[in-house]
Amino acid sequence: MLDGKVAVITGASRGIGRAVAMKLASLGAVVVINYNGSKERAEEVKREIEAGGGSADIYQCDVSDYGKCETFIQDVIREHGHIDILVNNAGVTRDGLLMKMSEEAFDQVISTNLKGAFNTIRFASRQMLKQRSGRIINMSSVVGVTGNAGQANYAASKAGVIGLTKAAARELASRGVTVNAIAPGFIETDMTSVLSEKVREATAVQIPLGTFGKPEQVAAAAAFLASEDAGYITGQVLHVDGGMAM
Ligand code: NAP
């Protein structure tokens, strides 16, 4: 289904990004696994994809660094010839109450989650416009829609990702490039494994479907948005959250 397509996935060494990489590779895409610090885990993802008959490459790049993103995306284009799918998944949390939040904690989350998506779109979209085709998928969050106490930086970054998605969708639509966001709810990854049992129980009560989601369930939504079948969908936010935000 995605045979011959080149798919760049940021933050693909773990969690949701890893599941997206595995899924797109299983559909035939050549997958570019980006990571920041988890080199061994990124290599493990590559090995698993290749063991399943797929094709993958690894690129280290801190997505919050504008200059490094330019080099990263240019390297991918030079080595693979094109970029068909870009999944901006890299993300971090630095939770704390607003009144106690350091400037550095605010800046780090915005730089990675929001500016990181801008950085890669800035350079990959030029190539997609030339190709007159492309799929950009940005990972937002339910928290970007509803807000969450203790996550002012994260909620702002994820709401920003939705605005970025819609602006980019309008700018790129005339050349066949779609831009959509996915807003996951609470998904079982390293990011949520730090939550206490008490918080997990309180959260589960707010999920109509009753449980945390799996990275593979988010990856299935990304695969759909990356597919030919989603060609008439742009500027949308697809909620994968067990019904939390409806
Ligand atoms: P995770 O398990 O903590 O993995 C985060 C990934 O992002 C890792 O691969 C990490 O790479 C990468 N990353 C972090 N900072 C980076 C940087 N500066 N440059 C490049 N890569 C960077 O997180 P996750 O739960 O899979 O979340 C993935 C995305 O979904 C995030 O955007 C998150 O905000 C969003 N999301 C998650 C949930 C959830 O419940 N889990 C819910 C809603 C939205 P390294 O390890 O190599 O540094």
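General remarks:
- Scanning the range 193-213 for residues that are near the ligand (Cβ under 10 Å from one of its atoms) and in contact with a helix residue (DSSP H, G or I) (Cβ under 8 Å, 6 or more places away or on another chain), we see that the one that is farthest from Thr93 (Cα to Cα) is Phe212.
- Verdict on Ile83 being modelled with pLDDT of 95 or more, part of a loop (DSSP other than H, G, I, E, B), away from the ligand (no atom under 14 Å from the Cβ) and buried (at least 23 other Cβ atoms within 10 Å of the Cβ): yes
- Set Ile58, Ile121, Ile137: member being without any contact (Cβ under 8 Å) to a residue 60 or more places away in the chain, in contact with a strand residue (DSSP E or B) (Cβ under 7 Å, 6 or more places away or on another chain), of a type outside the set (Gly, Ala, Ser) and in a strand (DSSP E or B): Ile58
- Some residue of the range 103-111 being in contact with a Phe, Trp or Tyr (Cβ under 7 Å, 6 or more places away or on another chain) and open to solvent by less than 10 Å² (accessible area, probe 1.4 Å): yes
- Selection within the range 185-214: residues that are open to solvent by less than 70 Å² (accessible area, probe 1.4 Å) and of a type in the set (S, T, N, Q). The member of this set that is farthest from Gln131 (Cα to Cα) is Ser196.
- For the range 47-61, a residue qualifies if it is more than 13 Å from the ligand (Cβ to nearest atom) and of a type outside the set (S, T, N, Q), and the qualifying residues are Arg47, Glu48, Ile49, Glu50, Ala51, Gly52, Gly53, Gly54, Ala56, Asp57.
- Residues satisfying the criterion are absent from the range 170-184 (criterion: surrounded by fewer than 19 Cβ atoms within 10 Å (Cβ to Cβ), among the hydrophobic types (A, V, I, L, M, F, W, C) and within 15 Å of the ligand (Cβ to nearest atom)).
- Residue in the range 141-149 that is more than 18 Å from Gly15 (Cβ to Cβ), buried (at least 20 other Cβ atoms within 10 Å of the Cβ), touching a residue at least 60 places away in the same chain (Cβ under 8 Å) and not hydrophobic (A, V, I, L, M, F, W, C) present: no
- Check on Ile58, crowded, with 19+ Cβ neighbours inside 10 Å and not polar (S, T, N, Q): no
- Within the range 169-193, being part of a helix (DSSP H, G or I) and either under 18 Å from Gln151 (Cβ atoms) or in contact with a Lys or Arg (Cβ under 6 Å, 6 or more places away or on another chain) (or both) holds for Arg175, Asp190, Met191, Thr192, Ser193.
- Looking across Gly160, Gly134, Gly150, one residue alone is out of contact with any His (no Cβ under 8 Å at 6 or more places or on another chain) and away from the ligand (no atom under 15 Å from the Cβ). It is Gly134.
- Pick from the range 1-33, criterion within 14 Å of the ligand (Cβ to nearest atom) and in a loop (DSSP other than H, G, I, E, B), ranking: most open to solvent (accessible area, probe 1.4 Å): Arg14
- Hey, Arg126 in contact (Cβ under 8 Å) with a residue 24 or more places away in the chain, surrounded by fewer than 19 Cβ atoms within 10 Å (Cβ to Cβ), farther than 28 Å from Ser102 by Cβ and over 15 Å from the mean Cα position of the chain (by Cα) or not: no
- The requirement of being of a type outside the set (Phe, Trp, Tyr), closer than 30 Å to Gln131 by Cα and open to solvent by less than 20 Å² (accessible area, probe 1.4 Å) is satisfied by Lys158.
- For the range 194-227, the set of residues classified as more than 30 Å from Ala7 (Cβ to Cβ), among the polar types (S, T, N, Q) and in a loop (DSSP other than H, G, I, E, B) consists of Ser196, Gln206, listed by residue number.
The values are calculated or read from the model by the stated rules, or taken from the named source; none is laboratory data. All figures in this text were calculated on a predicted structure; none of them were measured in a lab. Virtual Cβ from ideal backbone geometry, glycine too; neighbours counted across all protein chains shown. Only protein heavy atoms, including side chains, enter the accessible area calculation; ligands, DNA and RNA are left aside. Shrake-Rupley method; radii C 1.70, N 1.55, O 1.52, S 1.80 Å.
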